[in-house]
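Visitor: Sending over a structure as structure tokens; questions will come in a sec.
The values are calculated or read from the model by the stated rules, or taken from the named source; none is laboratory data. Small disclaimer: the values here were computed from a predicted structure and weren't measured. Neighbour counts are summed over all protein chains in view; Cβ atoms, including those assigned to glycine, are modelled from backbone coordinates with ideal geometry. Remember, those area values only see protein heavy atoms, side chains included, never the ligands or the DNA or RNA. Shrake-Rupley method; radii C 1.70, N 1.55, O 1.52, S 1.80 Å.
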Amino acid sequence: MHANSSRPSPPRLHPLPRSPRMKTVFVVGAGPAGIFAARKIALAGHRAVLFNRDIKPGGLAEYGIYPLKDKMKFGLRKQFAQALALPNVSYFGNIKIGNGCDLTLADLDAMHPSAILYTCGAQGAHRLGLPGEDAKGVYAAKDFVYHYNQLPPYASADFSTGRRIAVIGIGNVAIDIARWLLLDSPSRLAEEVIILARRGPHEIKFDKKEIDHVIHHVDRAALLAELARVESRCAAAGEEVSAAAIFAEHFPALSAEDFTSIPPRLSFRFLSSPTAILPGPDGRIAQLEVGDNDLVLRPDGSTKPVPNGQKSLLDVDTLIFAIGDKHDEQLGLPIGPNGYAVQLNPDHPDEPVFQVWDPVLSQPLAGRFVAGWARRASTGLVGIARHDGEVGAQAALDYLATLPEADAPNPESSPESILSLLESRGLRPVTKDDLTLLAAAEQQEAVKRNLSDYKFSDNESMFAAIEREKAAVTSSGD
Ligand SMILES: Cc1cc2nc3c(=O)[nH]c(=O)nc-3n(C[C@H](O)[C@H](O)[C@H](O)COP(=O)(O)OP(=O)(O)OC[C@H]3O[C@@H](n4cnc5c(N)ncnc54)[C@H](O)[C@@H]3O)c2cc1C
């Protein structure tokens, strides 16, 4: 009899054909950078072992890209599944690496992999550093995006939003968030989303195709008034902000004479920096104090916002800051200016470097590499992360080629030994077989609910679904 048991059954692994040439590379983080790096390492004849914090692979490609971009998400999932299906790629999901985590860097070192590639993305967020920042209703953009993309535990945490929402930052992430609030949030509460930028309209970083999703919510009259408000201050730094030019460059639809704005409203505020968050009696943000900036032209041609002392108060009940992500200090790698420490070549400072650098000993950490958003936080789309992961993998492969050939692959870093170690610590790693079962269960849920996609939003439901599928597969084979 194969009944459901309350204890999750242990995952199975498939033994590999081995050659003495084969070396093991641990890859920490299974987002696009890590998965495509693992693929490259495996195709070169080595063993790639992925450790991933989340149960499911994909990182921000699964839990960041806008929920309705089905075609893109499904295409990426397919490519990820193909990479993971390679026999010499192993996957351990639900395993977080770092200080005080499931495995520390010392634990990884103790398994003697030939190299480690860190592709764990940029899990920290730049803080605003403002009084009142801990008020309810104040969120880092990535956490909010993880929430609406159903990543546990963010999916079930309180990310409630209200009627008037301020979003700090003016890139694609800010527009995704505005889109969610204006069009797709189940709460449907938003009456106005206000996007704040500390410089002028020339700071706009969002793409036309992203703003297009919400273009009819842009309050054109308010935008015209805002451009007039900041025009002379921008001109002082050599930036022309005529409505015709800004519309043509960033909001083409607004140039049409018959353009009409519909509620809820999307508005913009330029040359504005948040200076304090004022909570109401319930502890939730009630007002945002905003300081006005002048714009100063630097000798190198860039501009700098400089506070001019004017302040105003915005009545908002939610504040989301989309000002970029940073590396996760808990991981325990040495920290550099853009991510984990790498040593730039002074003669070619623009050349990317993938090897982790120890600033204390002033030497590279042998066999330790970093790629993707872990190398340069918040930089580029999936294609860039993929390329970066592959170049990082090549750096690791070049390093492997310098190592002596062993008689046999190191048993301590074999998937079987890793699985035993994880289980001996009471952990529940998610394997490739589990992912297949989970994908089947989510597909069934989607069909049942007549949806194009369905995601379980907590780990318990995912494990329960895996066990249900396992039991069903076993009993159908009886
Ligand atoms: C809101 C948003 C929308 C986006 N929309 C698009 C889009 O429409 N199109 C597009 O092409 N790109 C988009 N991107 C960019 C794209 O998602 C990134 O370029 C890409 O995901 C970065 O890949 P990565 O592998 O470096 O990092 P991530 O995708 O962040 O992956 C990191 C992985 O590491 C794991 N991890 C983290 N910490 C640890 C740890 N300590 N131990 C073990 N594992 C760990 C995580 O679980 C995750 O799986 C978007 C990004 C955001 C934030």
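Visitor: When the C-alpha atoms of the stretch 130-323 are aligned to their principal axes, what extent does each axis show, in angstrom, from largest down?
Guide: So the extents along the principal axes, rounded to whole Å, are 47, 39, 28.
Visitor: Rounded to two decimals, what ratio of Rg to Rh does the stretch 96-163 give with C-alpha atoms and a Kirkwood Rh?
Guide: On the way: Rg = 16.6 Å, Rh = 15.0 Å.
With Rh from the inverse mean 1/r over Cα pairs, Rg/Rh is 1.11.
Visitor: Moving on. Residue separation times 0.36 nm, minus the C-alpha to C-alpha distance between R188 and D212: what's the value?
Guide: Numbers: separation 24, 0.36 × 24 = 8.64 nm, distance 1.97 nm.
Length gained between R188 and D212: 6.7 nm.
Visitor: Using 0.36 nm times the number of residues separating A157 and Q82, minus their current alpha carbon distance, what extension gain do you get? Intermediate results must be reported in sequence, preceding the final value.
Guide: Details: separation 75, 0.36 × 75 = 27.00 nm, distance 3.25 nm.
The span from A157 to Q82 would gain 23.8 nm if fully extended.
Visitor: Tell me the relative contact order for the stretch 130-323 as a rounded percent, counting alpha carbon contacts under 8 Å between residues six or more apart.
Guide: Working: 395 pairs, mean separation 59.5, N = 194.
In percent, rounded to a whole number, it is 31.
Visitor: If you don't mind, there's one more thing I want to ask. Going by Cα centres, the stretch 55-77 and the stretch 239-294 are how many Å apart?
Guide: So the separation of the two Cα centres works out to 29 Å.
Visitor: Accessible area per residue for the chain in Å², computed with a 1.4 Å probe and the full protein assembly in place, what is it?
Guide: Working: 21800 Å² over 478 residues.
Averaged over the residues of the chain, the accessible area is 46 Å².
Visitor: For a Förster distance of 30 Å, can you work out the FRET efficiency between the beta-carbons of D358 and C101, rounded to the nearest 0.05?
Guide: So, using R0 = 30 Å, E works out to roughly 0.90.
Visitor: Given Cβ point charges of +1 (Lys, Arg) and -1 (Asp, Glu) and nothing else, what value in debye, to the nearest 20, does the dipole of the chain about its Cα centre take? Numbers along the way, then the final one.
Guide: On the way: 50 positive and 58 negative charges, 144 e Å.
About 680 debye.
Visitor: Another question, if that's okay. Got a sec? Charge dipole of the chain, +1 on Cβ for Lys and Arg, -1 for Asp and Glu; which of I384, G280, A166 is way out at the positive end?
Guide: In the chain, that residue is I384.
Visitor: May I pose another question? For the stretch 165-204 and the stretch 92-152, write down the distance between their C-alpha centroids in whole Å.
Guide: Computed from Cα coordinates, the inter-centre distance equals 24 Å.
Visitor: On average, how much area does the Cα convex hull of the stretch 228-278 cover when viewed from any direction, in nm²? Walk me through the numbers on the way to the answer.
Guide: Details: hull surface 21.3 nm².
Result: a mean projected hull area of 5.3 nm².
Visitor: Would you work out the charge dipole size for the stretch 54-175 about its Cα centre, treating the Cβ of every Lys and Arg as +1 and the Cβ of every Asp and Glu as -1, and quote it to the nearest 20 debye? Before the final figure, lay out the partial values.
Guide: Working: 12 positive and 10 negative charges, 129 e Å.
In total the dipole reaches around 620 debye.
Visitor: Once fully extended, how much extra length lies between R21 and R284, figured as 0.36 nm per residue of separation less the alpha-carbon to alpha-carbon distance? Spell out each step's value before the answer.
Guide: Details: separation 263, 0.36 × 263 = 94.68 nm, distance 5.93 nm.
Going from the current span to full extension adds 88.8 nm.
Visitor: Relative to the longest principal axis of the C-alpha atoms of the chain, give the angle of the C-alpha long axis of helix 70-84, reported between 0 and 90° and rounded to the nearest 10°.
Guide: Helix 70-84 sits roughly 30 degrees off the main axis of the chain.
Visitor: Which aspartates and glutamates have a Cα less than 16 Å from the Cα of K205, not counting those fewer than 8 places away in the same chain?
Guide: D176, E239, E249, D325
Visitor: Rounding to the nearest 20 debye, state how big the charge dipole of the stretch 130-323 is about its Cα centre with +1 on each Lys and Arg Cβ and -1 on each Asp and Glu Cβ. Intermediate results must be reported in sequence, preceding the final value.
Guide: Details: 20 positive and 27 negative charges, 39 e Å.
The calculated dipole for the stretch 130-323 is roughly 180 debye.
Visitor: Then there is this: With runs of 4+ DSSP H residues as the only contributors, calculate the mean residue ellipticity of the chain at 222 nm using -39,500 (n - 2.57) per run, divided by the residue total and rounded to the nearest 500. Don't skip to the answer; put the middle values down first.
Guide: On the way: 13 runs with 146 residues, N = 478.
Mean residue ellipticity, 222 nm, calculated: -9500 deg cm²/dmol.
Visitor: Against the longest alpha carbon principal axis of the chain, how many degrees, from 0 to 90 and to the nearest 10, is the axis of helix 415-424 turned?
Guide: The angle comes out at about 80 degrees.
Visitor: So, one more: From Cα pairs below 8 angstrom and at least 6 apart in sequence, can you work out the relative contact order of the chain, rounded to a whole percent? Let's see the in-between values first.
Guide: Values: 931 pairs, mean separation 107.9, N = 478.
Rounded, it is 23 percent for the chain.
Visitor: Given R₀ = 45 Å, what would the calculated FRET efficiency be for N345 paired with D315, taking r from the Cβ atoms and rounding to 0.05? Walk me through the numbers on the way to the answer.
Guide: Working: r = 51 Å, r/R0 = 1.13.
That pair, N345 with D315, gives E of 0.30.
Visitor: How long are the three semi-axes of the equivalent ellipsoid of the chain, in whole Å, if each is the root of 5 times an eigenvalue of the C-alpha gyration tensor, listed from largest down? Mind showing how you got there, number by number?
Guide: Details: eigenvalues 376, 157, 76 Å².
Over the Cα atoms of the chain, the semi-axes work out to 43, 28, 19 Å.
Visitor: For the chain, take the longest principal axis of its alpha carbons; what is the angle in degrees between that and the long axis of helix 382-401, to the nearest 10 within 0 to 90?
Guide: 40
Visitor: For A446 and S242, FRET efficiency with R0 = 51 Å and r from the beta-carbon atoms, rounded to 0.05?
Guide: On the way: r = 48 Å, r/R0 = 0.95.
The value I calculate is 0.60.
Visitor: Please figure out what share of the DSSP beta bridges in the chain is antiparallel and state it in percent, rounded to the nearest 5.
Guide: Values: 24 of 61 bridges.
Bridges in the chain that DSSP calls antiparallel: roughly 40 percent.
Visitor: If I model a spin label at T436 and K69 as a point 7 Å from the Cα along the Cα→Cβ vector, what separation in nanometres do I get?
Guide: It is 3.0 nm.
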